[in-house]
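The values are calculated or read from the model by the stated rules, or taken from the named source; none is laboratory data. These numbers come from a predicted model, not from an experiment. Ideal geometry is used to build each Cβ from the backbone, glycine not excepted, and the neighbour counts take in all protein chains shown. Side chains are part of the model used for accessible areas, which takes the heavy atoms of the whole protein and leaves out ligands, DNA and RNA. Shrake-Rupley method; radii C 1.70, N 1.55, O 1.52, S 1.80 Å.
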Amino acid sequence: MKLFCSGTDLSDAVFTVIAALPQRKNISILEGIKLEAYGDELKITATDLELTIEKKIKANIKIEGEAVVAGKIFTDFIKKLSNEQVELDATATDRLKVKYGDSKCEFACLPKEEYPATRVVDNTLSFSLFQKDLKDLIVKTAFSVAQDDSRMILKGCLFELNDNALTVVALDGYRLAMSVKSLECNNIDNKKLIIPSRSLNEIKKILDEDNELVTVYIQNNFIMTEIKNTRITTQLIDGEYIAYKNIIPVSFLTEVIIGKEQFNECLERASVISRIGKNNLIKLDIKEKVLTVLSDSEEGNIDEKLPVKFTGQELQIAFNVKYLTDCMGAIEDEYIKLSFNNSKTPCVITPIENENYLYLILPVRVQG
């Protein structure tokens, strides 16, 4: 293999695919990234067998071929050459020469025959939606997945396809996030997929904020999508997702409409105080026309009042402030509705003009 390419293009490609390298070192060949030079393109691939990311860039191919190099060190080096024209030469069997200007660097090659073949997902089953809509679905939900490995199924988002709509749900046992978008094209129905949040976050990075369609292909236990010369293939999480609809209350005794930005800024200030005590606890005192945000610690306290539109019963309730600020960070609406029943049951956060997303947060029980 021998080729010339833009250092900027190469740096961008290796930085994109390196996210698929194994998070834990277990199989040495998977710590490498594969370079494949054919025609007028260089394809760079990384995989941990569950997540695979491939990216193609234009290149002047002199000798076609393949090579596998240690991914982390190669990426760290190449990103320092973003303004250079780069020559890659792997005509020797065990070395990859990188030439830039009058200088060069060599990397040891890993055995390319040991690198796993790329999984191919056909186009029999698929669904399509606008890129901006898929990105918004991920932004509004993926932060609510579980972070520990005790329940692997909760480390993914449920994608529920039904009636030309896509509902995405994430929960971790303390909170739930749900968002819905219309599908532009769908040849399957009543289908449920559990996609790892790690893979969704990588898909989010390559999505644009526009009305270009993106298609997600499904085959057996894998999905694949391709956008602008970047292909992401991921294994789905196997299992039965929690019956989330049974968790969401359908009626409420207290409802508050509040300005989202004003509420978020108040929560951010309160979180400074709550972090001191390391419990992230805040209290909401809800009375007619006023919501009071309270937080106390040994080193300070906050008592901040916000104007609200209020209906129902007065209420005092406590939350982990991080769960509230995480929701606020994903919401773009100017006003939101907070709905409650009592101090021991969940708060539900929704927009006031549509029903395209919902957040549910369990309260913290406090004495007194």
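Does Ile218 count as touching a Lys or Arg at 6+ places or on another chain (Cβ under 8 Å), within 22 Å of Ala146 (Cα to Cα) and among the β-branched types (Val, Ile, Thr)?
Details: touching a Lys or Arg at 6+ places or on another chain (Cβ under 8 Å): yes; within 22 Å of Ala146 (Cα to Cα): no; among the β-branched types (Val, Ile, Thr): yes.
Taking the combined requirement at face value, the residue does not satisfy it.
Which condition number in (1) modelled with pLDDT under 95; (2) of a type in the set (A, V, I, L, M); (3) in a helix (DSSP H, G or I) is the one that Ile188 fails?
(3)
Spot the failing condition for Asn301; the list is (1) modelled with pLDDT of 95 or more; (2) open to solvent by 10 Å² or more (accessible area, probe 1.4 Å); (3) under 16 Å from Val272 (Cα atoms); (4) of a type outside the set (Gly, Ala, Ser), and only one is missed.
Checking Asn301 against (1) modelled with pLDDT of 95 or more; (2) open to solvent by 10 Å² or more (accessible area, probe 1.4 Å); (3) under 16 Å from Val272 (Cα atoms); (4) of a type outside the set (Gly, Ala, Ser), the one that fails is (1).
Looking only at segment 191-209, which residues are part of a loop (DSSP other than H, G, I, E, B) and surrounded by fewer than 17 Cβ atoms within 10 Å (Cβ to Cβ)? Break it down stepwise before answering.
In the first step, residues of segment 191-209 are kept if they are part of a loop (DSSP other than H, G, I, E, B); the result is 207-209.
Within segment 191-209, Asp208, Glu209 meet the criteria.
Can you confirm whether Lys135 is under 22 Å from Glu54 (Cβ atoms) and not polar (S, T, N, Q)? Outline the logic, then answer.
Details: under 22 Å from Glu54 (Cβ atoms): yes; not polar (S, T, N, Q): yes.
Yes, satisfied.
Filter segment 222-245 down to the residues that are more than 24 Å from Met178 (Cβ to Cβ) and modelled with pLDDT of 95 or more, then identify the one that is surrounded by the fewest Cβ atoms within 10 Å (Cβ to Cβ). I'd like the intermediate steps shown before the answer.
Start the filter on segment 222-245 by keeping residues that are more than 24 Å from Met178 (Cβ to Cβ), which leaves 222, 224, 226-231, 233.
If we keep only those that are modelled with pLDDT of 95 or more as well, we get 222, 224, 230-231, 233.
On the way: Phe222: 16, Met224: 21, Thr230: 20, Arg231: 19, Thr233: 23.
The residue in question is Phe222.
Just name the residue that is nearest to Ile352 (Cα to Cα) out of those in segment 272-292 that are open to solvent by less than 10 Å² (accessible area, probe 1.4 Å) and at pLDDT below 95. Step through it out loud before you land on a result.
Initially, segment 272-292 is screened for residues open to solvent by less than 10 Å² (accessible area, probe 1.4 Å), giving 274, 282, 284, 286, 291.
With at pLDDT below 95 added as a condition, the list becomes 274, 282.
Details: Ser274: 29, Ile282: 24 Å.
It comes out as Ile282.
If the requirement is being without any contact (Cβ under 8 Å) to a residue 24 or more places away in the chain, under 14 Å from Glu66 (Cα atoms) and in contact with a strand residue (DSSP E or B) (Cβ under 9 Å, 6 or more places away or on another chain), which of these qualifies: Asp94, Asp89?
On the way: Asp89 fails: without any contact (Cβ under 8 Å) to a residue 24 or more places away in the chain.
After applying the criteria, what remains is Asp94.
Somewhere in segment 50-59, is a residue aliphatic (A, V, I, L, M) and without any contact (Cβ under 8 Å) to a residue 60 or more places away in the chain? So that I can check it myself, show each step before the final result.
Restricting attention to segment 50-59, the residues satisfying the condition of being aliphatic (A, V, I, L, M) are 51, 53, 57, 59.
Restricting the remaining residues to those that are without any contact (Cβ under 8 Å) to a residue 60 or more places away in the chain gives 59.
Within segment 50-59 (the criterion being aliphatic (A, V, I, L, M) and without any contact (Cβ under 8 Å) to a residue 60 or more places away in the chain), the answer is yes, since at least one residue qualifies.
So which residues in segment 1-53 are in a strand (DSSP E or B), surrounded by fewer than 20 Cβ atoms within 10 Å (Cβ to Cβ) and not acidic (Asp, Glu), if there are any at all?
Scanning segment 1-53 gives Lys2, Phe4, Ser6, Tyr38.
Which of the residues that make up segment 71-106 are buried (at least 18 other Cβ atoms within 10 Å of the Cβ) and out of contact with any helix residue (DSSP H, G or I) (no Cβ under 6 Å at 6 or more places or on another chain)? Talk me through it step by step, then tell me what you get.
Taking segment 71-106 and keeping what is buried (at least 18 other Cβ atoms within 10 Å of the Cβ), we get 71, 74-75, 78, 81, 84, 86, 88-90, 96, 98.
Scanning segment 71-106 gives Phe74, Leu88, Asp89, Ala90, Leu96, Val98.
Does segment 319-330 include one or more residues that are buried (at least 16 other Cβ atoms within 10 Å of the Cβ) and acidic (Asp, Glu)?
Taking every residue of segment 319-330 in turn, at least one turns out to be buried (at least 16 other Cβ atoms within 10 Å of the Cβ) and acidic (Asp, Glu).
Yes or no: Asp122 at pLDDT 95 or above, under 21 Å from Ile218 (Cβ atoms), open to solvent by 20 Å² or more (accessible area, probe 1.4 Å) and within 30 Å of the chain's Cα centre (by Cα)? Spell out how you get there, then give the answer.
Numbers: at pLDDT 95 or above: no; under 21 Å from Ile218 (Cβ atoms): yes; open to solvent by 20 Å² or more (accessible area, probe 1.4 Å): yes; within 30 Å of the chain's Cα centre (by Cα): yes.
Against the criterion (at pLDDT 95 or above, under 21 Å from Ile218 (Cβ atoms), open to solvent by 20 Å² or more (accessible area, probe 1.4 Å) and within 30 Å of the chain's Cα centre (by Cα)), Asp122 does not qualify.
Can you tell me how many residues in segment 132-182 are in a helix (DSSP H, G or I) and open to solvent by 40 Å² or more (accessible area, probe 1.4 Å)?
The first filter runs over segment 132-182 and keeps only residues in a helix (DSSP H, G or I), leaving 132-144, 152-155.
Restricting the remaining residues to those that are open to solvent by 40 Å² or more (accessible area, probe 1.4 Å) gives 132, 135, 139, 143, 152, 155.
Counting residues in segment 132-182 that are in a helix (DSSP H, G or I) and open to solvent by 40 Å² or more (accessible area, probe 1.4 Å) gives 6.
Just name the residue that is most open to solvent (accessible area, probe 1.4 Å) out of those in segment 336-368 that are touching an Asp or Glu at 6+ places or on another chain (Cβ under 8 Å) and either in a strand (DSSP E or B) or within 18 Å of Val145 (Cβ to Cβ) (or both).
Here is the first cut: in segment 336-368, the ones touching an Asp or Glu at 6+ places or on another chain (Cβ under 8 Å) are 337-340, 351-353.
Now restrict to residues that are either in a strand (DSSP E or B) or within 18 Å of Val145 (Cβ to Cβ) (or both): 337-340, 351.
On the way: Lys337: 57, Leu338: 2, Ser339: 3, Phe340: 0, Pro351: 6 Å².
Looking at residues that are touching an Asp or Glu at 6+ places or on another chain (Cβ under 8 Å) and either in a strand (DSSP E or B) or within 18 Å of Val145 (Cβ to Cβ) (or both), I get Lys337.
Pairs, please: C-beta under 7 Å, at least 6 apart or cross-chain, first residue touching a residue at least 40 places away in the same chain (Cβ under 8 Å) and in segment 305-327, second of a type outside the set (A, V, I, L, M, F, W, C) and part of a helix (DSSP H, G or I)?
Leu306/Gln262; Val321/Ser271; Val321/Ser274; Thr325/Asn264; Thr325/Glu268; Thr325/Ser271
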